[in-house]
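The values are calculated or read from the model by the stated rules, or taken from the named source; none is laboratory data. Just so it is clear, the structure is predicted and the values come from calculations on it, not from any experiment. Methodologically, a virtual Cβ is constructed for each residue, glycine included, from the backbone with ideal geometry; neighbour enumeration extends over all protein chains shown.
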Amino acid sequence: EMGYADYGGGPSMPMEHMQHSGTSVADLTGPKTGIPNVNVTLTARKQKFQLASGETVDGFTVNGTSPGPLIRARVGDLIQVTFVNESVPDGATLHWHGIDVPNAEDGVAGVTQDAVPVGGKHMYRFKATAAGTYWYHSHQVSADEVKGGLFGPIVIAPASPGEVVATIHTYDGKRTINGRTGTGRVDLPAGTTARVRVINTDNAILRVGLVGMPFKVVAVDGRDIHGPTPTTAAYPLAAGGRVDLEAGVPAGGMRLDAGTSSTSLAIGPADPPKAELPADNVDLLTYGTPAPLGFDPAKANRNFEYRIGRSAGFLDGIPGLWWTINGHKFPDVPMFMVAEGDIVKMKISNTSSQAHPMHLHGHHVVVLSRNGVAATGSPWWTDTLEVGNKETYEIAFVADNPGLWMDHCHNLPHASQGLVTHLMYE
Ligand code: C2O
Ligand code: CU
């Protein structure tokens, strides 16, 4: 059933789970009128294509390439995207990962819209509300379509001379930066302030960083870090997450290391020798300096527990080891119910034996603590939080975007194996 489901050959969600007591999802759209500031058509195809570095991949493209074109907007812009599915057999959608769009624009097949069939189109319209680094990707059979290339970067900010967008993806086992294996180079004059916007479109965490010059972690998941200080440690970038790294370009150049020795990006007037990232990681729990959150988590009126586990059993008649949330297997996972304006606290624990980059749609959450240790650095806002095995996070957010929102693991095969729940507004 094409209409149902982004669960990739796994379970499909019965529609009765999708009934919404109040406003229907279809009413929660972006602006219906107004001339868009950014107006693009994105066409998805299943095809053989060449990476920028020449290798042939059998996968999916957007406007003929993967990654698809960079969409650039400024805060306040009305973005209009006409999405065309030319030849993606299972249907496709576009989800604006990290952009807190109105619910009907969220692009989740089976939740906020039906998948767009071959020959169909769908228009998305939403306002660019927060500056930052984001990406778009199909949300139908995501584990296959994203892996095969149906995604691209989106930046909400004016272009600056030192900006480098680095979309990282592994095609058929080949790690690439902007669709290129090997070592590329962005020629920037020494002394330029480089802002490197790194996007992890893979299913696993990546250790990324600039080598050759200390750098600052200036933004995470489209939210600024307060009071960042220079570091040489690696940044552990969750699957689906983004990080903006800033440094002055040295005369000898510097290098973006994306966690493999074979692929990196030299930035500057020269191509510096390769060097390894150090073993230590930036820890956002203590990085930067505190700043107001804009709400008081101590006044939370919803307190949720979110336990990720694993158990043997059957899912849609298929035996296996399946992920569980609070002991339940998909689709029998209760939704987290909220009302608009609620302050929500959630305790996420993981005893499943694997790590899970948990992505909540439509909202940014702030990390309060990890393993009982309170956050003392910059407010750590995120939309995609790596929850390691045996870790417990406390997070909080304001329920300020009505609708029905998916909350799932962004190791996308895990989502297709049922590591999915929803946040639902009463
Ligand atoms: Cu980046 Cu639900 O997805
Ligand atoms: Cu997972």
Inset, instruction - Can you confirm whether segment 366-382 contains a residue that is within 12 Å of ligand 2 (Cβ to nearest atom) and touching a helix residue (DSSP H, G or I) at 6+ places or on another chain (Cβ under 9 Å)? - result: no
Inset, instruction - Filter segment 189-199 down to residues that are buried (at least 20 other Cβ atoms within 10 Å of the Cβ) and either more than 15 Å from Asn281 (Cβ to Cβ) or in contact with an Asp or Glu (Cβ under 6 Å, 6 or more places away or on another chain) (or both), then give me how many there are. - result: 5
Inset, instruction - Quick one: which residue in Thr286, Thr324 is surrounded by fewer than 17 Cβ atoms within 10 Å (Cβ to Cβ), closer than 23 Å to Asp383 by Cα, over 21 Å from the mean Cα position of the chain (by Cα) and among the β-branched types (Val, Ile, Thr)? - result: Thr286
Legend entry - Residues (among the basic types (Lys, Arg) and either part of a loop (DSSP other than H, G, I, E, B) or farther than 24 Å from Val164 by Cα (or both)) located in segment 45-84: Arg45, Lys46, Lys48, Arg74
Legend entry - Top-ranked residue in segment 383-402 [being more than 19 Å from the chain's Cα centre (by Cα) and either hydroxyl-bearing (Ser, Thr, Tyr) or assigned to a loop (DSSP other than H, G, I, E, B) (or both); ranked as nearest to ligand 2 (Cβ to nearest atom)]: Asn389
Inset, instruction - Could you list, in sequence order, all residues of segment 395-419 that are buried (at least 21 other Cβ atoms within 10 Å of the Cβ) and over 24 Å from Ala109 (Cα atoms)? - result: Ile395, Ala396, Phe397
Legend entry - Positions within segment 319-365 being away from ligand 2 (no atom under 15 Å from the Cβ), in contact (Cβ under 8 Å) with a residue 60 or more places away in the chain and not in a loop (DSSP other than H, G, I, E, B), in sequence order: Phe336, Met337, Val338
Inset, instruction - Identify, by number, the condition in (1) polar (S, T, N, Q); (2) within 30 Å of Gln113 (Cα to Cα); (3) within 16 Å of ligand 2 (Cβ to nearest atom) that Ser311 doesn't meet. - result: (2)
Inset, instruction - Check segment 348-365 and report whether any residue there is away from ligand 1 (no atom under 16 Å from the Cβ), more than 21 Å from Asn411 (Cβ to Cβ) and either touching a Leu at 6+ places or on another chain (Cβ under 8 Å) or not charged (D, E, K, R) (or both). - result: no
Legend entry - Among residues of segment 289-317, those that are farther than 25 Å from Ala375 by Cα and without any contact (Cβ under 8 Å) to a residue 24 or more places away in the chain, counted: 5
Inset, instruction - Scan segment 293-300 and give yes if some residue there is part of a strand (DSSP E or B) and under 23 Å from the mean Cα position of the chain (by Cα), otherwise no. - result: no
Inset, instruction - Test Gly54 against the stated conditions and say whether it is without any contact (Cβ under 8 Å) to a residue 24 or more places away in the chain, at positive phi and away from ligand 1 (no atom under 16 Å from the Cβ). - result: yes
Legend entry - Residue match in segment 193-204 (condition: touching a helix residue (DSSP H, G or I) at 6+ places or on another chain (Cβ under 9 Å), over 20 Å from Gln47 (Cα atoms) and in the same structural domain as Arg255 (by TED's automatic domain parsing)): yes
Legend entry - Check on Gly377, within 13 Å of ligand 1 (Cβ to nearest atom), closer than 29 Å to Tyr287 by Cα and either assigned to a loop (DSSP other than H, G, I, E, B) or not small (Gly, Ala, Ser) (or both): no
Inset, instruction - Could you tell me which of the residues Asp221, Asp257, Asp202 is within 16 Å of ligand 1 (Cβ to nearest atom), within 20 Å of the chain's Cα centre (by Cα), over 30 Å from Leu78 (Cβ atoms) and surrounded by 19 or more Cβ atoms within 10 Å (Cβ to Cβ)? - result: Asp202
Legend entry - Output for segment 387-421, where each listed residue is touching a helix residue (DSSP H, G or I) at 6+ places or on another chain (Cβ under 8 Å), under 21 Å from Ile343 (Cβ atoms) and within 12 Å of ligand 1 (Cβ to nearest atom): Trp405
Legend entry - Residue ranges of strands (runs of 3 or more DSSP E) in segment 105-166 with at least 2 members within 13 Å of ligand 1 (Cβ to nearest atom), in the same structural domain as His95 (by TED's automatic domain parsing) and surrounded by 21 or more Cβ atoms within 10 Å (Cβ to Cβ): 132-137, 151-156
Inset, instruction - Run down Asp244, Asp221, Asp257 and say which single residue is charged (D, E, K, R), at pLDDT 95 or above and at positive phi. - result: Asp221
Legend entry - The listed residue being modelled with pLDDT under 95, outside the structural domain of Gly191 (by TED's automatic domain parsing) and touching a Gly at 6+ places or on another chain (Cβ under 7 Å), out of Lys274, Lys329: Lys329
